[in-house]
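One structure is given here, and the rest of the page talks about it.
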Amino acid sequence: MRIAQIAPIPERVPPKKYGGTERVIYYLTEELVKMGHDVTLFASGDSITSAKLVSVVPKALREMPNEKDIYGFNVNSLLNMGLAYSMQDQFDVIHDHNAHMGLPTANISQTPVVMTWHGPYDEEMNRYFSMLNRPYLVSISDAQAARAPGLSFVSTVYNGLPMEHYPFSPTHKGYLLYVGRIDMEKGVHISMDAAVRLNRKLVIAAKLDDQVQSIKKYFDDYIQPRLAVHPELLQWIGEVDEDTRNELMKNAMCLLHAVTWPEPFGLTLIEAMACGCPVVAFNQGSIPEVIDDGKTGFIVENLDEMVAAVKKIDRIDRAHAREYAIQTFSARRMAQGYLDVYERVIAYKKLKEEKLRNVAKRQKLFLGFGQTSNPGA
């Protein structure tokens, strides 16, 4: 099968540090290549892949000098998507991970397009996707799809990673951990408050997009003051690479995930569990689909419950948490899920084309074309 994967280009594939979407795209692409498919990855020029790499920029936009609006409708991101769709005849299916930016072009593509939106659906996104509705939508959790009741999803495919080689420890070193990005919707300040209440160290390995005004304000108003008051408990170390992150997870008492938004999946949760690190997370969005409550961590409703859950975290079998994550959210399982979707949409296209040919044939016969002449009549 000839498959195009269109990645966002603000980050490299795979990301050097933070970048959940790019990590998913990387492992999906690698698994599809291992399965024998002809895959072309449209991504930044510094991306690493076993597939064919097509790039419009030499490196990720975050590392490009003077690049503006790197997460929005900038020229290079539009060129990345436009180039992929201009080559559509070379593919049996296109998988676009750019969602709202790629949707206008995807909607007029003659090659079937599978689209995965890695964020939460809201009223604005629902209206957008309902009006430009030709691409085949795949959700990354049932909770994500439930927020878009008017849209038609082909399938739910959970994110997956090859986590069998992640480091594991049956014990921990007593500190709490937050991994991800600094943003109000991730509730980092709530995790900080929990650590203070518990009088336990919290390591915050988080990306800060301080060029985004709303995030900078959140950091200045909510994060920096807490860091200043409790420097002995709250340690912000910034973005970290994969090896450092995994070591932090392996040795952490638990991962705190006090999200304030409808979490569409939560990739750091499955990574933490694969390292044996239980997760305590707010009951938002997909969290109940990712955490096996009481067995791989705890699902809680508020700060008080988060504090209480951490106090009993040693009841969780760290080895079971690891096995659950590896078996439930493997990269191969994710790739097979998407491959099933690709096969279905390609088959649907062939069926639709065959119906159109039959209609055209009947119309010709009805109009008298294609009938055998009979001179002796």
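Contact map, segment 222-235: first residue in the same structural domain as ASN199 (by TED's automatic domain parsing), second residue at pLDDT 95 or above and among the small types (Gly, Ala, Ser), Cβ cut-off under 7 Å, separation 6 or more or different chains; pairs are LEU233/ALA195; LEU234/ALA195. Go through segment 242-262 and give me each residue that's in contact with a His (Cβ under 9 Å, 6 or more places away or on another chain), farther than 16 Å from ASN302 by Cβ and not in a strand (DSSP E or B). Once the filter is applied, which keeps residues that are in contact with a His (Cβ under 9 Å, 6 or more places away or on another chain), farther than 16 Å from ASN302 by Cβ and not in a strand (DSSP E or B), segment 242-262 yields LYS250, ASN251, ALA252, MET253. Before we move on, is PHE129 free of Cβ contacts under 8 Å to residues at least 40 places away in the same chain, of a type in the set (Phe, Trp, Tyr) and buried (at least 19 other Cβ atoms within 10 Å of the Cβ)? So PHE129 passes the test.
Within segment 33-52, is there a residue that is within 24 Å of THR244 (Cβ to Cβ), at pLDDT 95 or above, of a type in the set (Phe, Trp, Tyr) and not in a loop (DSSP other than H, G, I, E, B)? Checking segment 33-52: not a single residue is within 24 Å of THR244 (Cβ to Cβ), at pLDDT 95 or above, of a type in the set (Phe, Trp, Tyr) and not in a loop (DSSP other than H, G, I, E, B). Within segment 323-357, being under 21 Å from THR268 (Cα atoms) and without any contact (Cβ under 8 Å) to a residue 40 or more places away in the chain holds for GLU323, GLN327. Among the residues of segment 298-305, is there at least one that is part of a loop (DSSP other than H, G, I, E, B) and of a type in the set (Val, Ile, Thr)? Checked against the condition, which is being part of a loop (DSSP other than H, G, I, E, B) and of a type in the set (Val, Ile, Thr), segment 298-305 yields no hits at all. Screening the candidates PRO65, PRO58, PRO10 for the property of being farther than 28 Å from GLN336 by Cβ, crowded, with 23+ Cβ neighbours inside 10 Å, assigned by TED's automatic domain parsing to the domain that holds TYR338 and not aliphatic (A, V, I, L, M) yields one hit, PRO10.
Restricted to segment 211-231, and to residues there that are of a type in the set (D, E, K, R) and surrounded by fewer than 12 Cβ atoms within 10 Å (Cβ to Cβ), the residue that is farthest from GLU11 (Cα to Cα) is ASP221. Within segment 210-266, the residues that satisfy the criterion of being touching a Lys or Arg at 6+ places or on another chain (Cβ under 7 Å) and more than 25 Å from ASP317 (Cβ to Cβ) are ASP210, LEU233, LEU234, GLN235, GLU239, VAL240, ASP241, PRO262.
When we screen VAL196, VAL240 for residues that are in contact with a strand residue (DSSP E or B) (Cβ under 9 Å, 6 or more places away or on another chain), over 30 Å from ARG332 (Cβ atoms) and surrounded by fewer than 20 Cβ atoms within 10 Å (Cβ to Cβ), the only hit is VAL196. I'd like to check something: does segment 162-182 contain any residue that is out of contact with any Phe, Trp or Tyr (no Cβ under 7 Å at 6 or more places or on another chain) and among the acidic types (Asp, Glu)? So far as segment 162-182 goes, yes, one or more of its residues are out of contact with any Phe, Trp or Tyr (no Cβ under 7 Å at 6 or more places or on another chain) and among the acidic types (Asp, Glu).
Condition check ((1) crowded, with 17+ Cβ neighbours inside 10 Å; (2) among the hydrophobic types (A, V, I, L, M, F, W, C); (3) farther than 26 Å from GLN213 by Cβ) across all residues:
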position: LEU32; (1), (2), (3): yes, yes, yes
position: VAL39; (1), (2), (3): yes, yes, yes
position: PHE42; (1), (2), (3): yes, yes, yes
position: TYR71; (1), (2), (3): no, no, no
position: GLN88; (1), (2), (3): yes, no, yes
position: THR105; (1), (2), (3): yes, no, yes
position: TRP117; (1), (2), (3): yes, yes, no
position: ASP122; (1), (2), (3): no, no, no
position: VAL138; (1), (2), (3): yes, yes, yes
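Every test in (1) within 27 Å of HIS165 (Cβ to Cβ); (2) buried (at least 20 other Cβ atoms within 10 Å of the Cβ) is passed by LEU339 save one, and that test is (2).
The values are calculated or read from the model by the stated rules, or taken from the named source; none is laboratory data. Values in this document were obtained by computation on a predicted structure and should not be read as measured data. Cβ atoms come from the backbone with ideal geometry, glycine included; neighbour counts cover every protein chain shown.
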